[in-house]
Amino acid sequence: MKSDKELIKEFQGGREDAFNELVKRHLPDTYGFFIKFTANLVEAEDLAQDVFIRMYKALKKFRFESEFKTYLYRANINMSNSYLRRNKWRNLLHLDQAPEPAYTDTSQEDEWRRKELWDAISKLPSKQRKVVTMRIAQEMPYKDIALVMGVNENSAKVSYHHAVKSLKDVLK
Amino acid sequence: MNFEKHIKEITYSNVNSLDESIFLEKLHSKRRRRDIKKFRILNGLSAAVFVSLLGWASFSQLTDDPMIYVSNDLKPMEIMDIETEIYVYELADYLVDTSDDIWETLAFLDEMNFETIAIKNNRGLE
């Protein structure tokens, strides 16, 4: 099986199929991340598509300074932050509605609990929000979180601890 | 209960499978649609810039000197001497009286070369 690096090089060389292979390889993780994040299959698919569209453009100039997986995690986190910002405005303008049951995998009550949790996460400071998102939605170890964030492992742990404490206060 | 466990439970989902081929198909069509949209926006902007530049260039050609805008068509009338003018008025009266058609008279006067008449009149004066 070809590595991510080989696939990216082939894509940069003009082989479009290499990009498709890369998407297929990382789709379950990315889609799973956004499912946890939005609890809405349609929105999760949309966000995953947006991330891979960005990747399509970015990979042409990718310089292999970091692992592709790390790069993709960062893109997921950035996309989730934009989504949270968008949703904040949607909530303010009362444009949000409960998704139709056919599109969700949980009950209405679970849906609202999840919404409440992500609303609280969206209000956390940027660093804490990123750490908690990676930890909750992607179940990443601190070592990887530290790598994605460009901080040391202890700093990631401290941010997570603060975030969980704040969430506990908000959600109790 | 461990709060961390609690928030993980809230976000738990057992749905994470997606048809890869359909996803890729949608992804590429969305990407192409965006590219077309971007191309159209760029084209629109370029057209707007071109029209603005053309407008500015045309406007900068305008001047406050009214003589620039005086039509060349009026020049033969300007050089018409008084005798020729009287002759043309008399001719016009006669033509309108005899033909009863002012438009035909106008067309006839339009086609007439007054310069030759003016020269003849001037020679008569000399």
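Here, each number is a calculation from the coordinates, and none is a lab measurement. It should be emphasised that the depicted structure is a prediction, and the values quoted were computed from it without experimental measurement. As a convention, Cβ positions derive from the backbone with ideal geometry for all residues, glycine included, and neighbour counts pool all protein chains shown.
Over chain A, Cα pairs under 8 Å with separation of 6+ residues give a relative contact order of 21 percent. For region B:3-60, the alpha carbon convex hull comes to 119 Å³ per residue, rounded to a whole number.
On the beta carbon distance between A:Arg86 and B:Lys30, with R0 = 22 Å, the FRET formula returns roughly 0.80. Taking label positions 7 Å along the Cα-Cβ direction at both B:Val51 and A:Leu171, the computed distance is 5.4 nm, reported to one decimal. Once the Cα atoms are used to define both axes, helix A:153-171 deviates from the longest principal axis of chain A by about 30 degrees. Binning all Cα-Cα separations of chain A at 5 Å, short to long from zero, yields these whole-percent fractions: 1, 8, 16, 18, 19, 15, 11, 7, 4, 1, 0.
Angle between the Cα long axis of helix A:16-38 and the longest principal axis of chain A, 0 to 90 degrees, nearest 10? With both axes taken from Cα atoms, the answer is about 10 degrees.
Based on Cα contacts under 8 Å between residues 6+ apart, region A:4-101 shows a relative contact order of 25 percent. For the set A:Lys24/B:Lys30; A:Lys57/A:Lys123; A:Lys24/B:Lys8; A:Lys2/B:Lys8; A:Lys69/A:Lys157; A:Lys172/B:Lys5, the pairs lying more than 23 angstrom apart at their alpha carbons are A:Lys57/A:Lys123; A:Lys24/B:Lys8; A:Lys2/B:Lys8.
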